[in-house]
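Colleague: Here's a structure for you.
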Amino acid sequence: MTPSLIALSVIAGIVVVASVVGFYAGTRHRMDLEQWTVGGRGFGLLLVWLLMAGEVYTTFTFLGASGWAYSRGGPALYILAYMPLAYVLSFFILPPIWEVGRKYRLQTQADFFQLRYGSKALSAFVALVGVVFIIPYLQLQLVGLGIIVEVSSFGGIHRAPAMIIAFAIVAAFVFTSGVRGVAWVSVIKDFLLLFAAVFIGIAVPYMYFGGIGKMFAAVIHARPTHLVMPGTTKNLGHTWYISTVLLTSLGFYMWPQAFGSSFTAKSGDTLRRNAVVMPLYGITMPLMLFVGFGALLVLPNLANGDLSLLTIVRKTFPAWFLGLVGGAGALTAMVPAAIQILTAATLFAKNLWRPLFAPQMSDQQVATLARITVLAITAIALVFAVYSSLTIVSLLLLGYAGVTQFFPGIVLGLFSRRVRGPAVFSGIVAGISTVTLLMLTQRDPWMGWNAGFAALCLNFAVVAAVSLVQRTRPTEDANVFATKASAI
Amino acid sequence: MKRPSVGAVFFGLVPFVAVCFSVSLWDRINPIILGLPFNFFWLILWLLLTPICLWAAYRIEMRAGNIASEKKATH
């Protein structure tokens, strides 16, 4: 057997085993809309932890982080900072979100907006923005899968056909299993990824340099400025760092799929305790960056930094091990992709299509429409993935610039009794238009600031201004959610 | 919604100051600690210290009654 055949067979084996587990876990429960989207709301600490880790540790962690360490250097440090801060924020906002979600049986992020602000138009708009900005995140998973197959086949299979095969599997997987199947595949994926990350992150520096400290000494000697900001870039300095860390940590749970996953928990306290321990799981992140730095000296001339982790694994280890790492990487792309597709499809069917075009649809029909939407959304992301050349991290930051615009509406919605729908609506419109304008005119970063963060500041300012102009009074009932409950 | 207590928010802000706003103080290579450039050492250290801050916040919230009252409401 040739090395590429061995590697690809191991990857295929891992994907097949994981898919069987997913199908099996999914088919044991009757699939209504509630079960398909929020797993019947019965997940304990362990399953919630796995589900959340499953969507957090994505291709971005595995290939993107090492890719930026390789190609950008110092700016990749933002990845180590935003993750613990995101959990700090989740400690404060997820338990109240869960509480509202359970009380009023919310299934999606747009449901939350509908309940709090009592506006179908706002809720549909939030659903639309959510679906649009999930697409780059999905695209990123596809790009990752493509890279895995391309490198593991030693260039024999091109990225585009590889992506098509991989996503046919993901779509089929989402179709039959829903959120419960996804959570159980996460178990397999987390063990594999943890093993692969720790092993590669330690072995690569030891085999080529004699240790992590010696590797850093070599990098400092060869590229003295690579390890501090702005690294190899011109405009990713400290202002960019602060604004990007804030954007991504505030935005972490604004992703519709991350927001929705809090509804799967059994209690709000599960989420709070989860937040306390989650930063520890981030300990694998520095190891991914180390691999990128090692690759920089061992393989200095790669065309694309995102290839660095797998290329150095291929150069260093036997083919079966490359297959194991590739298989872990494939699940790392498939699990989050499945959750993202599931969320986007539900948002589209439940919060956009039904309220606007077909109010008489039953829950069962919504579930069917959501499954059809799965195919459409997957196809759109696939088209973008084939034609785009953005790096994995850049795709993720694009998505964050969009979804973080929900932050004022959600956090003020929870803790302020004064803010109303029109103010939130205007804020999101201002934020999204600013992001679109700055990105399309190539102005990210804008005057040193992350464009998404600049847009978020404007968003907040608009919410404050509209609230002032409207002279809104605080609602009389202390429970801001009680008055509109009948609207859901 | 009931807002979190001031003490808990304080412990939540500590990691933000440590790993975000103070970047220009620690984004440098020297001193090298445990073989790591100082900026890497600092951020890895805070992966370990952030759970301690959140644990402190958890204790404060529990004492303020924000956690116990929720448990009563859900069971």
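The values are calculated or read from the model by the stated rules, or taken from the named source; none is laboratory data. This is a predicted model, so every value here is computed, not measured. In this analysis, Cβ positions are derived from the backbone assuming ideal geometry, glycine residues included, and neighbour counts consider all displayed protein chains.
Colleague: Taking segment A:3-21 only, how many residues are over 28 Å from the mean Cα position of the chain (by Cα) and either farther than 13 Å from residue A:322 by Cα or free of Cβ contacts under 8 Å to residues at least 12 places away in the same chain (or both)?
Modeller: 1
Colleague: Does residue A:342 qualify as being within 16 Å of residue A:14 (Cβ to Cβ) and not aromatic (Phe, Trp, Tyr)? Working first, answer last.
Modeller: Details: within 16 Å of residue A:14 (Cβ to Cβ): no; not aromatic (Phe, Trp, Tyr): yes.
For residue A:342, the condition - within 16 Å of residue A:14 (Cβ to Cβ) and not aromatic (Phe, Trp, Tyr) - is not met.
Colleague: Ok, one more. State whether the residues of segment A:248-266 include one that is farther than 23 Å from residue A:340 by Cα, among the β-branched types (Val, Ile, Thr) and not in a loop (DSSP other than H, G, I, E, B). Spell out the reasoning first.
Modeller: Going through segment A:248-266, the residues farther than 23 Å from residue A:340 by Cα turn out to be none.
No, there is no match, as no residue in segment A:248-266 is farther than 23 Å from residue A:340 by Cα, among the β-branched types (Val, Ile, Thr) and not in a loop (DSSP other than H, G, I, E, B).
Colleague: Out of the residues in segment A:407-463 meeting the condition of being among the small types (Gly, Ala, Ser) and surrounded by fewer than 22 Cβ atoms within 10 Å (Cβ to Cβ), tell me which one is nearest to residue B:1 (Cα to Cα).
Modeller: Across segment A:407-463, the extreme among qualifying residues is A:416.
Colleague: Moving on. Name the single residue that is nearest to the other protein chains (Cβ to nearest Cβ) among those in segment B:22-57 being surrounded by fewer than 17 Cβ atoms within 10 Å (Cβ to Cβ), β-branched (Val, Ile, Thr) and not in a helix (DSSP H, G or I).
Modeller: Of everything passing the filter in segment B:22-57, B:32 is nearest to the other protein chains (Cβ to nearest Cβ).
Colleague: May I pose another question? If you check every pair at least six apart or on different chains, which have Cβ atoms under 8 Å apart with a residue in segment A:279-302 that is under 15 Å from residue A:203 (Cβ atoms) first and a residue that is charged (D, E, K, R) second?
Modeller: If the second residue must be charged (D, E, K, R), the pairs left are A:298/A:315.
Colleague: Determine the pairs where a residue that is over 16 Å from residue A:382 (Cα atoms), located within segment A:149-178, has a partner that is of a type in the set (Asp, Glu) and surrounded by 15 or more Cβ atoms within 10 Å (Cβ to Cβ) with Cβ atoms under 9 Å apart, the partner being 6 or more residues away or on another chain.
Modeller: A:156/A:150; A:157/A:150
Colleague: For segment B:3-21, give me each residue that is more than 17 Å from residue A:90 (Cβ to Cβ), over 12 Å from the mean Cα position of the chain (by Cα) and either at the interface with chain A (Cβ under 9 Å from one of its Cβ atoms) or modelled with pLDDT of 95 or more (or both).
Modeller: Across segment B:3-21, the qualifying residue is only B:21.
Colleague: In segment A:197-206, how many residues are in contact with a helix residue (DSSP H, G or I) (Cβ under 6 Å, 6 or more places away or on another chain) and at pLDDT 90 or above? I'd like the intermediate steps shown before the answer.
Modeller: At the first step, the residues of segment A:197-206 found to be in contact with a helix residue (DSSP H, G or I) (Cβ under 6 Å, 6 or more places away or on another chain) are A:197, A:200-201, A:204-205.
Okay, now just the ones that are also at pLDDT 90 or above, so A:200-201, A:204-205.
Summing the residues that are in contact with a helix residue (DSSP H, G or I) (Cβ under 6 Å, 6 or more places away or on another chain) and at pLDDT 90 or above in segment A:197-206 gives 4.
Colleague: Hey, another quick one. Quick test for you: out of A:81, A:76, A:86, pick the one residue that is in contact (Cβ under 8 Å) with a residue 12 or more places away in the chain and more than 22 Å from residue B:58 (Cα to Cα).
Modeller: Values: A:81 fails: more than 22 Å from residue B:58 (Cα to Cα); A:86 fails: more than 22 Å from residue B:58 (Cα to Cα).
One residue alone meets the criteria, A:76.
Colleague: Further question: Scan segment A:424-475 for residues that are among the β-branched types (Val, Ile, Thr), outside any helix (DSSP H, G or I) and in contact (Cβ under 8 Å) with a residue 40 or more places away in the chain and jot them down.
Modeller: A:472, A:475
Colleague: Next question. Can you tell me which residue within segment A:220-259, out of those that are facing chain B (nearest Cβ under 9 Å) and free of Cβ contacts under 8 Å to residues at least 60 places away in the same chain, is surrounded by the most Cβ atoms within 10 Å (Cβ to Cβ)?
Modeller: Residue satisfying both the conditions and the ranking: A:242.
Colleague: Taking residue A:390 as the residue in question, decide whether it is in a helix (DSSP H, G or I) and either within 21 Å of residue A:256 (Cα to Cα) or out of contact with any strand residue (DSSP E or B) (no Cβ under 8 Å at 6 or more places or on another chain) (or both).
Modeller: no
Colleague: Within segment A:260-298, how many residues turn out to be at the interface with chain B (Cβ under 9 Å from one of its Cβ atoms) and small (Gly, Ala, Ser)?
Modeller: 4
Colleague: Which helices (runs of 4 or more DSSP H) sit wholly inside segment A:1-108 and have at least 3 residues that are modelled with pLDDT of 90 or more?
Modeller: A:3-27, A:65-71, A:78-103
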